[in-house]
Structure formats: structure tokens, C-alpha cells
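Engineer: Dropping the structure in here first, questions after.
FYI, it's all coordinate maths here, none of it is from the lab. Here the structure is a predicted model, which is why all the values come from computation and not from measurement. Because the Cβ atoms are built from the backbone with ideal geometry, glycine has one as well, and the counts that use them run over all protein chains shown.
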Amino acid sequence: MFDNWEGLEHACMQCRTCSLCNTRHHVVFGVGNRNAEVLFIGEGPGENEDLQGEPFVGRGGQLLDKMLNAIDLDRNRNIYIANIVKCRPPQNRDPFQEEQEACIPWLRNQVSLMKPKIIVCLGRIAGMRLIKPDLKITKEHGVFFDRNGIVMMATLHPAALLRNPGQKPGAFDDFLKLRDKIEEICDHTY
Ligand code: SF4
């Protein structure tokens, strides 16, 4: 466990704990304000993210940024974005359980340094891993849970919204609920 971001990031960038290290171009550590009160967590890097070393930078990332901006959130200003696994699973498959187990200590360390008030899980995998294993994302997106004093919510993954644009209004409702929750419990996000 590292007590500072610099040490944590340096160690993470060298990580070879699971076999995803063999096919990655970059470790995608995370991006944003390290003092943020709101943390977004996806499942893992895709192709663009692996090539650029930053989470959510493809078409899905552009959609995410638009939805964030609509509620006055910005990855360069008042939130942080990370993933369950920090190296790209080949062909964008779901990360295996053992890969999640190997990688989650990095995320836990990020959470312990950041101490977010709200965590938003982007998609089913992150929601099942961090909120509850039987989470039904289609029914339970936008629902707030309390986990160890942190308010948690899952919403639909941006890539899923690109595949199913009919789900966008439901996801946007989640963001409106998030804005209300931020106004209720956060001190310096807005
Ligand atoms: S996915 Fe995580 S545990 Fe596996 S090599 Fe990358 S940083 Fe290490």
C-alpha cells in the first residue's frame, strides 16, 4: 500500500502481476483530479485506451465526456476516472476473475488515497465487482447503494449506449440523479 500517488503510479506502471501485461501497450493508470470527490470506474481499457494510455478516449469516451459536461463534470477538473483492470484484455473481452483479483489492489490504493464520496460504476462488470455480484444493470442502474460509507451507483457503459442508443435517456437520468447527489453530499465538486 502506497501513501502517495507518485509512488503508487510508478509501481503500477511497472506491474507484471497478471498475463495482461504481455499484450498491453500502456498501463492505463487513471486520469483526473486526484482530490476529486467523485470517482468513475470502468471495467478495463479498450484499444484506443491501450494505445493512448488514458481511460475512455474512444467513441464511448467522447459520449461519456458529453454526459459529464452536461452535469458540469470534467475529467480535467472535478472527477477522476479509472478501471477495474489497468491493462487491456485482448479483443476487449471481459476481464477474467483472476485478472480482476490481481489488479484490484491498485484501484483500492487509489480509493484509499482519494477518499471519494461517490463512486460511479460504468457498466455491468464494474458494478458487479464493486457494488454486488448479482447486480442487474438494466434494472438497478441509477440506484444508490452505501458501501463502507461511500455512496455507489452503477450506470450503463458508454459502449453499450453506442450499441443501444435507445438506452441513452435512462442513462442520462442516472447522471441527473448523480448531480443531485453531488449537490447533497459533496463539498467542492461544484
Ligand atoms: S492488469 Fe493490473 S495486475 Fe495485470 S499486469 Fe496490468 S496492472 Fe498488473
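Engineer: Which numbered condition trips up residue 17, out of (1) more than 9 Å from the ligand (Cβ to nearest atom); (2) surrounded by fewer than 20 Cβ atoms within 10 Å (Cβ to Cβ); (3) assigned to a loop (DSSP other than H, G, I, E, B)?
Structural biologist: (1)
Engineer: Okay, moving on. Condition first: within 11 Å of the ligand (Cβ to nearest atom) and either closer than 19 Å to residue 74 by Cβ or in a strand (DSSP E or B) (or both). Now tell me which residues in the range 31-52 satisfy that.
Structural biologist: none
Engineer: Yes or no: residue 75 among the basic types (Lys, Arg), crowded, with 20+ Cβ neighbours inside 10 Å and farther than 20 Å from residue 155 by Cβ?
Structural biologist: Taking the combined requirement at face value, the residue does not satisfy it.
Engineer: For a quick check of your reading of the model, give me the residue pairs whose first member lies in the range 163-185 and is closer than 19 Å to residue 39 by Cβ and free of Cβ contacts under 8 Å to residues at least 24 places away in the same chain, whose second is among the aromatic types (Phe, Trp, Tyr) and surrounded by 12 or more Cβ atoms within 10 Å (Cβ to Cβ), with beta-carbon atoms closer than 7 Å and at least 6 apart or on different chains.
Structural biologist: 183/190
Engineer: Using the structure shown, decide if residue 36 is over 22 Å from residue 159 (Cα atoms), within 14 Å of the chain's Cα centre (by Cα) and buried (at least 20 other Cβ atoms within 10 Å of the Cβ).
Structural biologist: Judged against the criteria, residue 36 is a match.
Engineer: Which helices (runs of 4 or more DSSP H) sit wholly inside the range 58-141 and have at least 2 residues that are more than 14 Å from the chain's Cα centre (by Cα) and small (Gly, Ala, Ser)?
Structural biologist: 97-114
Engineer: So, in the range 102-117, how many residues would count as being surrounded by 13 or more Cβ atoms within 10 Å (Cβ to Cβ) and either farther than 15 Å from residue 29 by Cα or away from the ligand (no atom under 13 Å from the Cβ) (or both)?
Structural biologist: Qualifying residue count, the range 102-117: 5.
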